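Participant: Structure provided below as structure tokens; questions to follow.
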Amino acid sequence: MLVGRLPPPCIRGVAHTGPAKMAPSLAATNKKLMSDAPTLYQNRGGPFQYARAFAGLGEKEQTIERLENMANLGPVLLGRDLTYPEYALVRGDPRVKDLRKKVGLPEQQFALSGSH
């Protein structure tokens with residue numbers, strides 16, 4: 001059933017809000033929820049949702065860890081996801097460059113037309 005695969009609300013909200021648009025107390029609460037979410041919701045969501053939510057919170061290390069968990073999904077999904085604005089904080093990181101190489105993506109990321 002599709003509903004069982006959706007990430008918990010804390011992840012969906014954080015992924016689209018980002019820290020710049022949150023009140024400081026809400027950002028702190030969301031960081032706590034996100035830190036606990038992978039353990040509490042092991043069967044919900046996936047590395048994409050967690051990576052995007054952590055990126056939205058400005059959590060570089062957690063974002064990269066989740067992106068590395070996406071390597072087995074192949075270059076198409078990972079390459080597409082890295083174009084999203086939330087991932088700007090990790091694009092220049094050497095680990096992301098290594099990850100791109102590992103899955104067969106070109107070293108240079110090309111801009112897509114349109115916005116996400």
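Participant: For the pair residue 69 and residue 88, how long in nm is the line joining their label points, each one 7 Å along Cα→Cβ?
Facilitator: Between residue 69 and residue 88, the simple spin-label model gives 2.6 nm.
Participant: Among the aspartates and glutamates, which have Cα under 14 Å from the Cα of residue 32 when same-chain residues fewer than 8 positions away are ignored?
Facilitator: Once the sequence-local aspartates and glutamates are set aside, what remains near residue 32 is 59.
Quick note: the coordinates plus some simple rules give every number you see, no bench work behind them. From a predicted model like this one, the values you see are computed outputs, not experimental measurements. Heads up, the Cβs are rebuilt from the backbone with ideal geometry, glycines too, and the neighbour counts pull from every protein chain shown.
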